[in-house]
């Protein structure tokens, strides 16, 4: 419970910073300007998904599992990959900005330049936080996020006072805040050994990494159609103003999503470790506890939004977004619909079978196009909310069925003794005779 509370504190400070950013911009900028920031931030979400697929997911599963005894030499290898990916994506964003300047000036935004400058800092902040979870040190992650939150709040206050707050400036504030937070905890990072030692002992690691990453990568691409894609559907079929309204309402849902992410940070390394040790019974028991915990939290949150959502919206935005009716409650049903899917997602990844997760996102993306587009066109923002719920439910149903059929093993096979230090350990798949 102590570890869980530290993890929740970490996510609370991390999401609290973006919560402040969104509230301040929504209150001070026009709905159109805020809508452009929301679209720019959706680009960051997309790129963070790619970074998660190429760096964070393999790092979490392998660092907690098969390479946990060589973490000191494995960490610098992944840190170098993180920095390289960040620089490549930043360069790509700058080229995109220059291209828009020539061929589509209306799509350009200074916020895009700010994101290009800040991206490497933002992604490195995510990597450092994940490092502490792999090391089972959520307290360090919470300390990092506390410093980050404090600096963001201070700089936002200064920017609002001198009236220089905009999308470009916000991304620079986020980058500077991560830099300061990282420097305060630099000495708490793992002792750095040369990554060459790890590569000498694992000469084929690149192939292993790619074998896992390729499925997570294509999944990250498809994921954009299941959630972030609705912002672009609203922008295309409705208006940028309504993108701002949808984003302002979804900000209320961000806290529960961050709680779910925090639980994932806690349970994914634990599940991966149990899987690598061959402890089938503990693996399944942890997944069940995880599932019931997620369902309880998301249901409680949805009921709270149902009772107090309109009041919270009025207070946060000073009446600017009143009149959107039951939209906050409908959006609060999205995490509830995704809950079981997220727990099955982590369990499947911990079992090193990410290809099955890809299938779930494909089915959800198909639901977005087949059902989401007609709903947005006919019902507007309410249609977008119902579309998100349907896509989330499709995702969860597919993952739950996949987990039960392809990964779940009801009891441990006889004669197997888990030994964490063994050179080779039989997988659940081998012992189940799959």
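Coordinate-derived values only; no laboratory data. Worth saying up front: this structure is predicted, and the values here are computed from it rather than measured. Quick reminder, even Gly has a Cβ in these numbers, built from the backbone with ideal geometry, and neighbours come from all protein chains shown.
Could you tell me which of rounded, prolate or oblate describes segment 239-411, using a ≥ b ≥ c as the square roots of the eigenvalues of the alpha-carbon gyration tensor, with rounded for a/c under 1.5 and, failing that, prolate when a/b is larger than b/c and oblate otherwise?
prolate
What angle, in degrees between 0 and 90 and rounded to the nearest 10, separates the Cα long axis of helix 254-276 from the longest principal axis of the Cα atoms of the chain?
Taking the Cα atoms of the chain, the angle to 254-276 is about 10 degrees.
Angle, helix 110-134 long axis vs. longest principal axis of the chain, Cα atoms, 0 to 90°, nearest 10?
Around 30 degrees separate the two axes.
What does the highest-first list of 40-53, 336-349 look like by mean Cβ count within 10 Å?
336-349, 40-53
Would you calculate a helix-derived [θ] at 222 nm for the chain, using -39,500 (n - 2.57) for each DSSP H run of n ≥ 4 and dividing by the full residue count, to the nearest 500?
Calculated from helices alone, the mean residue ellipticity at 222 nm is -26000 deg cm²/dmol.
Using only the alpha carbon atoms of segment 340-402, find the Kirkwood hydrodynamic radius as the inverse mean reciprocal pair distance, in angstroms to one decimal.
11.9
Under a no-solvent Debye model with one identical scatterer per Cα of the chain, what's log10 I(q)/I(0) at q = 0.07, 0.08, 0.10, 0.11 Å⁻¹?
Log10 I(q)/I(0), no solvent term: -0.34, -0.45, -0.71, -0.87.
Taking the highest mean first, how do the peptides 128-140, 322-334 order by number of other beta carbon atoms within 10 angstrom per residue?
128-140, 322-334
Going highest first, how would you order 141-150, 203-212 by mean Cβ packing within 10 Å?
Ranking, from highest mean packing down: 141-150, 203-212.
Based on the alpha-carbon gyration tensor of segment 1-160, what equivalent-ellipsoid semi-axes (square roots of 5 times the eigenvalues) come out, in whole Å, largest first?
Here the semi-axes work out to 31, 22, 11 Å.
Step by step: find N for segment 82-144, compute 2.2 N^0.38 Å, then divide the Cα radius of gyration by it. What's the final number?
Computed over Cα atoms of segment 82-144, the ratio equals 1.48.
Distance between Cα centroids, segment 51-110 to segment 226-267: provide it in whole Å.
A separation of 22 Å, based on Cα centres.
Distance between the C-alpha centers of segment 128-198 and segment 288-337? Whole Å please.
28
If I fit a long axis through the Cα atoms of helix 138-161 and take the longest principal axis of the Cα atoms of the chain, what angle between them do I get, 0 to 90°, rounded to 10?
10
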